[in-house]
Each structure stands twice: as structure tokens, then as C-alpha cells.
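Following: one structure in C-alpha cells, then a few remarks.
Every number here is computed from the coordinates shown, using simple stated rules; none is lab data. Here the structure is a predicted model, which is why all the values come from computation and not from measurement. In this analysis, Cβ positions are derived from the backbone assuming ideal geometry, glycine residues included, and neighbour counts consider all displayed protein chains.
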Amino acid sequence: MATAAVKVRFYCLGSRATGAALLARAAGGGHAPALYALAVVQFNGSGGGKADKDPRVGVALCARAAWLGHTPALRELGHCLQDGYGARRDAAAGRRLLLHAAAREHLSWKHKYRHHGDDGSAAEDAASRFMVDWWESHSTKTEARGCLPGGDGDDYDDDLRLCSHARCGRRETRRHEFRRCSVCGAANYCSRACQALDWKRAHRAQCAAARWLAVVGGAADDDAH
């Protein structure tokens with residue numbers, strides 16, 4: 001089964017044990033996207049409890065996927081080294097990996113634009129889009145049920161948050177699983193790579209606006225007193 005389909009099975013359909021086993025089987029065969037997907041599961045302890053997090057295993061899986069040429073894993077590994085998360089901190093090495101990931105991504109886009117080819121990321125992108133659409137549809141249906149007489153949504157389910165990176169599609173498997181933006185606390189991320197990408201894409205402006213509103217709100221409170 002393709003890694004993209006396994007991710008849908010794990011996150012959307014809730015088949016945690018089967019999904020994790022399939023990812024592990026594919027990762028054991030040296031499939032880079034499966035290695036990275038399994039790394040994200042290990043970083044978050046997805047499908048288990050907080051005690052099931054294993055950053056060191058996550059870093060090891062990322063390193064193998066990066067060695068096989070998987071750009072998202074290379075980016076994740078760079079952030080882990082920069083932060084000292086799951087590995088000894090080496091900011092210089094982390095920065096080099098991030099620059100290498102950015103260069104690989106740029107070359108990949110140029111290749112696809114010129115040759116209309118596929119570097120293997122199309123299936124992953126399609127799965128992520130499907131997962132985003134899935135959760136939007138799920139949310140709409142839950143809201144509709146709540147509006148019906150006697151309708152009652154699943155409060156626990158409602159508390160589980162999507163990764164804020166618009167092209168990810170992963171959702172928490174337990175409350176407070178994903179990391180929050182340390183500044184505004186409004187954005188949630190399944191990985192450091194998703195956080196970095198979303199910061200460049202959108203959250204830089206959103207977070208700046210959040211900081212401004214917080215300052216204005218604080219000033220208004222001071223004036224009121």
C-alpha cells in the first residue's frame with residue numbers, strides 16, 4: 001500500500017495500529033516517504049500517549065530518509081540539529097542541511113516546471129490535500145449534527161487540532177499532541193518543518209498581527225484602570 005494511502009488510514013480513518021505497522025514495513029524496505037511519516041509519528045507519539053514520544057528514533061528515521069533524498073526529512077533533520085531536539089545540538093550543521101533542503105526544493109520545482117515530470121512528491125501532495133478536505137468535510141458534518149434537535153457533537157474530537165500548515169493535513173490523535181507557536185499560541189504544528197514552512201507562507205504576518213493585537217489589548221486594559 002502506498003505511503004500516501006497509509007497516512008490517510010492512520011490519521012483520517014483512525015487505524016492507528018495497522019497504519020503504523022504498514023509504515024514500519026515500508027520504512028524497513030527503505031521507502032523514504034514512509035521513513036519520514038514514521039518519524040513524525042515518533043516525534044509526536046501519535047496514536048499513543050505523551051510518554052510514547054521518541055525524538056531520538058524520529059531523528060534516526062529522518063536521517064535515513066534524508067540520506068535517501070527525501071527533502072522534507074532533510075529539512076526536519078536540519079531543524080532538529082539546530083534546536084538540539086532528539087540529537088546533540090549543532091546549529092551550523094543544521095543550517096547547512098536547511099540550505100541544502102531549500103536548494104533541493106528549488107531544483108525540484110524547476111525540473112517539474114521544465115519537464116512536467118514528477119519527483120515522487122505528487123502522491124504525497126495529493127494525500128495531504130485529501131486529508132485537509134477530509135477534515136473540513138468532517139468538521140462541517142459535525143457542526144450540522146450539533147444544530148439538529150438532540151444533536152451532540154463529540155467534544156473530545158472537537159478538541160483535536162489540525163496542523164496549521166495548509167498543505168499538511170495531519171491532525172492530532174490526542175489532545176495537545178502538536179507543538180504550538182511559542183509567541184501567539186494560536187497555530188499548531190505536527191513538525192518543525194511544517195512550522196518553518198507555514199512561517200514563510202502565512203504565519204509570519206498572522207503572528208505579527210497577533211502580537212500587535214495583544215499589545216493594543218494590554219494598552220487598552222491599562223487605560224481602563
Nitroxide proxy distance, nm - points 7 Å out along Cα→Cβ at residue 202 and residue 129 | 1.6
Amide hydrogen neighbours beyond the local backbone of residue 12, cut-off 5 Å, H modeled = none
Can you list the HN-Hα couplings for the range 188-205, worked out from phi with the Karplus curve (6.51, -1.76, 1.60; θ = phi - 60°), rounded to whole Hz and with x for Gly and Pro?
-> 10, 9, 7, 7, 5, 5, 4, 5, 5, 5, 5, 4, 6, 6, 8, 6, 4, 6
Over the range 3-123, what is the mean sequence separation of C-alpha contacts under 8 Å (at least six apart), divided by residue count, expressed as relative contact order in percent?
-> 15
For the range 3-123, with equal point scatterers placed on the C-alpha atoms only and solvent neglected, what are the log10 I(q)/I(0) values from the Debye formula at q = 0.13, 0.16 1/Å, to two decimals?
-> -0.54, -0.79
Quick one: Karplus J couplings for the range 25-37, per residue in order, coefficients 6.51, -1.76, 1.60, θ = phi - 60°, nearest Hz, x for Gly and Pro?
-> 5, 5, 5, x, x, x, 8, 4, x, 5, 4, 5, 4
In whole angstrom, how far apart do the alpha carbon centroids of the range 20-39 and the range 45-74 sit?
-> 10
